[in-house]
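What follows is one structure encoded as C-alpha cells, with my remarks underneath.
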Amino acid sequence: MARKVTSASPARNAVFLVGFMGAGKSSVGRSLGERLNWVFEDLDDRIEQREGRTVATIFRDSGEAVFRLAERAALRQTLAEVSGGVARVVALGGGAFVQAQNSALLKSAGVPTVFLDAPVEELWQRCCRQASNTGVERPLLRSIEQFRALYESRHKGYSKASLKVATAGRDIDEITTEIVTGLDLKTIAIRTEQGEVE
C-alpha cells in the first residue's frame, strides 16, 4: 500500500519516479504516461542525448562526479520544461534522487515524487533477468552483497519521496492506478480527427 506525504501545492503536470534499479521505474513510467496521455522520459536518455555518449561511457571515461553534473543539468532542463506546462512522467536513475542537490531541486520545484520499492531479493532477480534478456552488463550485478549494501544506503533517501508504492508481486496496471489515485493526477484529453475529445 502507498504511503502519502503531502507537500505544499505540488505541480500536477509532472511526476518523478525514484527507486533502486529493478524497481520498475521505466515500466511503470511508460504505463503512467500512456494512462495520462503525458510524455514519458527516462532522465538517463536525456543525459545521453545531451552528452552524446552513454551513461556507462560517461562513468567509465569521466567518472561519477562528471556524470552527476550532467545528471543535474539534465534534471534542471527537465524541471524548466515542466514549469512551462509540459506534462511529463520522468524516471530518474537509481542514484539521482539520493543526491542532495537533485532532491532539493525537485522539492523546490514542488513536483511530486514516487518511490517504487520492492524487497532487495526481488530487485536483484528482476535486474538479473533483464540483464540476461538484453545482454547488457551491469557491474552491480556481480555481487548480491554489494547490490544489497547500495540499496540499503539509498533507501532512507528514497523514503523522502511524496508517495511510496510497493511493487513486489504486483501488476503494472495496479501500480499505475495507485499512483494516479494517490497523487490525484489528471489525464490530458486528446482530440480525435473529428475534433471530439476522448
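Bear in mind these aren't lab numbers, they're just calculated from the coordinates by the rules spelled out. This is a predicted model, so every value here is computed, not measured. Positions of Cβ are backbone-derived with ideal geometry, glycine not excepted, and every protein chain shown enters the neighbour counts.
Of all beta bridges that DSSP places with both ends in the chain, some 15 percent have antiparallel geometry.
Here is what passes the span test in the chain: the DSSP H helices with alpha carbon length of 15 Å or more along the helix axis and a Kyte-Doolittle mean of 0.0 or above are 64-83, 172-183. In terms of surrounding Cβ atoms within a 10 Å radius of their Cβ, K164, K186 rank from fewest to most as K186, K164.
Please list, or write none, the aspartates and glutamates whose alpha carbon is within less than 15 Å of the alpha carbon of K25, excluding same-chain residues fewer than 8 places away. Hits, sequence-local ones excluded: E34, E41, D42, D44, D45, D117, E122, D171, D173, E174, E178. With semi-axes √(5λ) of the Cα gyration tensor in Å in mind, check (1) 27, 20, 17; (2) 68, 19, 14; (3) 51, 22, 12 and report the label derived from this structure. Given (1) 27, 20, 17; (2) 68, 19, 14; (3) 51, 22, 12, the calculated one carries the label (1).
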